[in-house]
Each structure stands twice: as C-alpha cells, then as structure tokens.
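For reference, the structure is listed below as structure tokens.
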Amino acid sequence: MKKTKLLFSVGACLLGAWIPMSAHHSFQAEYDDAKPISLTGKVQKVSPDNPHGWIYMDVPNDKGRIVNWVVELPPPNVLSRNGFSTSVYKAMEEAHEEITVSAFLAKDGSKHAWAAGLTRGD
C-alpha cells in the first residue's frame with residue numbers, strides 16, 4: 001500500500017511538472033536566428049504580459065502599404081532591468097510612437113518576430 005501511494009505521489013508530481021513545461025516553447029522551435037530583421041513602425045498596442053509580452057505595430061512595407069506585425073518581448077523582469085517599465089510602454093502605446101525593433105523572424109513565415117532590441121524615436 002505504501003508503494004502504491006509513493007508511486008502515485010511521484011507520478012502526480014511528474015505530471016504537475018510536465019504540464020507547464022509542455023506549454024513553454026523554445027526560441028529555436030519558433031524563430032529563425034539566421035533571419036534577422038529590422039522593423040520600423042508605429043506602436044498600436046503593448047501587452048507586457050508574463051512570461052512574454054507583445055508589441056503590436058504597423059510597419060510600412062517596400063510598397064508603402066501598412067503591414068501589422070506582432071513582436072514577442074522578453075519577460076517583464078528583463079525589460080524592466082533594461083529601462084522599459086509599464087509606464088514607458090503605456091506612453092509608447094498612447095502616442096503611437098515610432099520605434100525600431102531588431103528581431104528574428106518566425107519560422108512559419110507569419111508577420112511575427114522575437115525582439116532582440118528596441119529603439120525609441122529616430
């Protein structure tokens with residue numbers, strides 16, 4: 001009986017640890033580090049969520065047409081250590097500020113990228 005309880009407890013712990021890990025993705029699974037891109041456009045919305053935030057921005061393409069991009073951000077604690085607090089993001093969003101994001105493209109070809117760096121203004 002003790003073995004059964006022990007096995008059940010260990011199994012429950014392993015299952016509990018596996019569920020959050022299965023939801024998390026790696027950079028290499030979603031993004032291509034051989035495809036860097038620079039995006040300059042106006043911020044439409046910022047969601048500095050945990051574990052990763054998002055910037056929704058309008059970027060003009062080569063023909064001048066506006067393309068909607070979604071850029072995934074590092075975790076909020078990394079952002080705040082680099083000077084990007086919630087108030088900074090709110091100000092960028094409210095002003096529809098122009099920013100430049102150096103990023104890596106998504107492997108699936110969508111207008112989705114991982115932010116490696118962000119510059120405000122010109």
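List of remarks:
- Rounded, prolate or oblate (a/c below 1.5 giving rounded, otherwise prolate when a/b exceeds b/c) for the stretch 55-122 by Cα gyration tensor: oblate
- Ranking by accessible area, most exposed first, for Val67, Val43 with a 1.4 Å probe: Val67, Val43
- Net charge over other residues, Cβ less than 14 angstrom from the Cβ of His96 (K, R count +1; D, E count -1): -1
- Across the cross-link table entries Lys42/Lys107; Lys35/Lys90; Lys35/Lys63; Lys35/Lys107; Lys90/Lys111; Lys35/Lys111, which are compared at the Cα atoms, the separations over 19 Å belong to Lys42/Lys107; Lys35/Lys90; Lys35/Lys63; Lys90/Lys111.
The values are calculated or read from the model by the stated rules, or taken from the named source; none is laboratory data. Keep in mind it's a predicted model, so treat the numbers as computed, not measured. No Cβ is skipped: glycine too gets one built from the backbone with ideal geometry, and neighbour counts run over all protein chains shown. Accessible surface is based on the protein model in full, side chains and every heavy atom, while ligands, DNA and RNA are left aside. Shrake-Rupley method; radii C 1.70, N 1.55, O 1.52, S 1.80 Å.
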